[in-house]
Amino acid sequence: MRIVLGVGGGIAAYKVASLLRLFTEAGHNVTVIPTEAATRFVGVATWEALSGNPVSNSVFDDVHQVNHVRLGHEADLIVVAPATADLLARAATGQAGDLLTNTLLMARGPVLFAPAMHTEMWQHAATRANVETLRSRGAAVLEPASGRLTGTDSGPGRLPEPEAIFDAAMALAQGQSDYQLPLAGRTVTISAGGTREPLDPVRFLGNRSSGKQGVALAVAARNAGATVRLIAAHMDVPAPAGVEVVTVETAVQLREAALAAAADSDVVIMAAAVADFRPAEISGTKIKKRDDTADPVITLVRNPDILLELVEARNASGSHPARRNQLIVGFAAETGDSQGDVLAYAEAKLKRKGCDLLVVNHVGTDKVFGQDTNSVVILARTGAEPQLAAGSKAEVSAAVITRVGQELRHVSPRA
């Protein structure tokens, strides 16, 4: 596929180098057209090296090839990232002052804009009118992500992650003209991995969780346009790029981090494997094995019920409508026994915890933990029909995040 990648003059231009790499590694032929301002952030040499094609932003270069007409006509897809407020305004009003705006006027294929700017600029009536104009003419304009911006401020206006723009571009090229990022403007907190409860300086009580499912959820939420906080207990895999990471070890530490992060989150997904119990006492020295002493007796106490506390905190926020609309998703790693099967225990847990969705999997020595595949059932507090999802953990995560997006369709992002 022949792609024109227009690069606007914003600090987020540096992230577009990763987007270009995604396009080329997928086998597409990419011509980069940076604006003059964009070359102040990332030089022409970088774009040429990564694309393998010559780069220009002037209508007077290679005039004999009539690039200002040819590029727009020949492109199967045009992607503009970052689409600054200025660039959106020029595109909406049909200006043709450089090679990129000429190319946009000549475009005959799908066009995708990925905006990035400060919150006030994105929310300004002029920018909103320009976005609506472009959309009314058939262009796809993504909602920006919400998060840390250039300075100390945060809010909607952050460039979506390159992987999210790539997914949107591929969907648009396949004819999904109404494709949008379902979690754009949302803040999502996800816990992952297994907690470890210390017995002494060298030993702990733990579990088999690898963190793979939680990390896959973080990637899926990030790619859906969300600002993602990952609360990471022990994990066998690295945290993904483009998410905020808070590291914890014990259940008590995870509780503190989750309650703090949930305060301004639209969605909380508790995928971590949290220990139900911890030692009542922690030895300050290594517990020794001696022939002249009795076997040690370890007394356990209950850990806090973090999921239940999150639901109670949400439900107690009567004066905060945004918090009332928070979606809370629990995970249940269950095994059946003579008293009931996996789903029976999961349904009882859903009722007891009061979360909105419960993702249930049947665990065992060689199931789920540490594996690359998973099979889950998504239960809803509303009593909706259980939803099955199976495949790689990335595929399962995509199904969970899609369901989250569906649940939030009629809930506005918090201001």
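Read-outs: derived from the displayed coordinates by stated rules, not from any lab. Owing to the predicted nature of the structure, the values given are computational and were not obtained by experimental measurement. Please note: Cβ atoms are built from the backbone with ideal geometry, for glycine as well, and neighbour counts cover all protein chains shown.
To the nearest 20 Debye, how big is the dipole of the chain about its Cα centre, given +1 on the beta carbon of each Lys and Arg and -1 on that of each Asp and Glu?
The calculation lands at about 500 debye.
Given the pairs Lys288/Lys353; Lys212/Lys288; Lys351/Lys393; Lys212/Lys351; Lys15/Lys353; Lys15/Lys393, which span a C-alpha to C-alpha distance of over 30 angstrom in this model?
Pairs exceeding the cut-off: Lys288/Lys353; Lys212/Lys288; Lys15/Lys353.
So, by mean Cβ neighbours within 10 angstrom, what's the order for 77-90, 11-24, 121-134 with the highest one leading?
Averaged packing, sorted descending, gives the order 77-90, 11-24, 121-134.
Place the peptides 381-389, 185-193 in order of packing, highest mean first, counting for every residue the other Cβ atoms within 10 Å and averaging per peptide.
My ranking of the peptides, most packed first, is 185-193, 381-389.
Averaging over all projection directions, find the projected area of the Cα convex hull of segment 2-173 and quote it in nm² with one decimal place.
Mean projected area of the Cα convex hull: 8.8 nm².
Which of Val248, Val30, Ala258 sits farthest toward the positive end of the charge dipole of the chain, with +1 on the Cβ of Lys and Arg and -1 on the Cβ of Asp and Glu?
Value: Ala258.
Send over the Kirkwood Rh of segment 143-234, from the inverse of the averaged 1/r over different Cα pairs, rounded to one decimal Å.
About 15.0 Å for segment 143-234.
D for segment 187-407, whole µm²/s, Stokes-Einstein with Kirkwood Rh over alpha-carbon pairs at 37 °C and 0.692 mPa s: what number?
The calculation lands on 181 µm²/s.
Would you mind computing the Rg to Rh ratio of segment 212-286 from its alpha-carbon coordinates, Kirkwood style for Rh?
Across segment 212-286, the Cα-based Rg/Rh ratio is 1.03.
Have a look at the DSSP beta bridges in segment 187-407 and tell me what percent are antiparallel, nearest 5.
Looking only at bridges with both residues in segment 187-407, the antiparallel portion is about 45 percent.
At what distance in angstrom do the alpha carbon centres of segment 139-157 and segment 237-271 lie from each other?
Their Cα centres are 21 Å away from one another.
Please list, in order along segment 289-305, the HN-Hα scalar couplings obtained from phi with the Karplus expression 6.51 cos²θ - 1.76 cosθ + 1.60 (θ = phi - 60°), rounded to whole Hz, x for Gly and Pro.
Result, ordered by residue: 9, 10, 5, 8, 10, 6, 4, x, 10, 9, 8, 9, 10, 6, 7, x, 8 Hz.
Based solely on C-alpha atoms, express the radius of gyration and the Dmax of the chain in angstrom.
25.0, 94
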